[in-house]
1. If the cut-off is a Cα-Cα distance under 19 Å, which lysines reach Lys3, setting aside same-chain residues fewer than 8 apart in sequence?
2. Fully extended, how many nm does the chain gain between Lys28 and Arg44 (0.36 nm per residue separation, minus their Cα-Cα distance)?
Amino acid sequence: MYKCSRCKEPVRSGMNTVGLQCEKCGSKVFYKERPNVRKPVKGR
Ligand SMILES: [Zn+2]
């Protein structure tokens, strides 16, 4: 899952991200969306 770095529009795409372009704003800059993985922070 990728998100447009400009309008935060989620972009559905397969593995092939070559030539990917946001349908909304036409931006070609995307970032990979991270799943909610939080490392448990231990006190000390
Ligand atoms: Zn966009």
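1. Lys24, Lys28, Lys32
2. Length gained between Lys28 and Arg44: 1.5 nm.
Every number in this text was worked out from the coordinates using simple rules, so none of it is lab data. Worth saying up front: this structure is predicted, and the values here are computed from it rather than measured.
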